[in-house]
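Reading through the structure tokens given below for one structure.
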């Protein structure tokens, strides 16, 4: 009886520990995503103010982008894309000329996320 109770308690502790680790990993990914959006917005503001930008970000690789995407009848003119190693297998984040953030998912295509001043919406899987 004591062995079964101990095994059951050990199982519950293990499951709770794994759930805690999963929650920490998810919050870390979301924090990295928010940092990436901040870097992208900084590049956009610098470009609007100075006519160019310097890719001085430590963990984010910002690139010029001139692609246009049409989603549900709305055309998005891409200005910059941002990539981080953590998200390389999933897709890239882009900012449009009118400050809308779009996620270019490798499997699902282009997903508009949010614009400046609206609540942050995360891509599926983050």
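The values are calculated or read from the model by the stated rules, or taken from the named source; none is laboratory data. Small disclaimer: the values here were computed from a predicted structure and weren't measured. All Cβ positions, even for glycine, are placed from backbone atoms using ideal geometry, and neighbour counts span all protein chains on display.
Structure values in brief
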quantity	calculated
Those residues of the stretch 58-79 which are within 14 Å of the chain's Cα centre (by Cα) and in a strand (DSSP E or B), in sequence order	61, 62
Answer residue from the stretch 80-101, given it is over 13 Å from the mean Cα position of the chain (by Cα) and touching a residue at least 40 places away in the same chain (Cβ under 8 Å) and is surrounded by the most Cβ atoms within 10 Å (Cβ to Cβ) among those	80
Residue match in the stretch 114-121 (condition: within 16 Å of residue 35 (Cα to Cα) and not in a loop (DSSP other than H, G, I, E, B))	yes
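Residue-wise test of (1) at positive phi; (2) at pLDDT 85 or above; (3) exposed (fewer than 15 other Cβ atoms within 10 Å of the Cβ); (4) in contact with a strand residue (DSSP E or B) (Cβ under 8 Å, 6 or more places away or on another chain).
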site	(1), (2), (3), (4)
8	no, no, yes, no
15	no, no, yes, no
22	no, no, yes, no
32	no, yes, no, no
48	no, yes, yes, no
52	no, no, yes, no
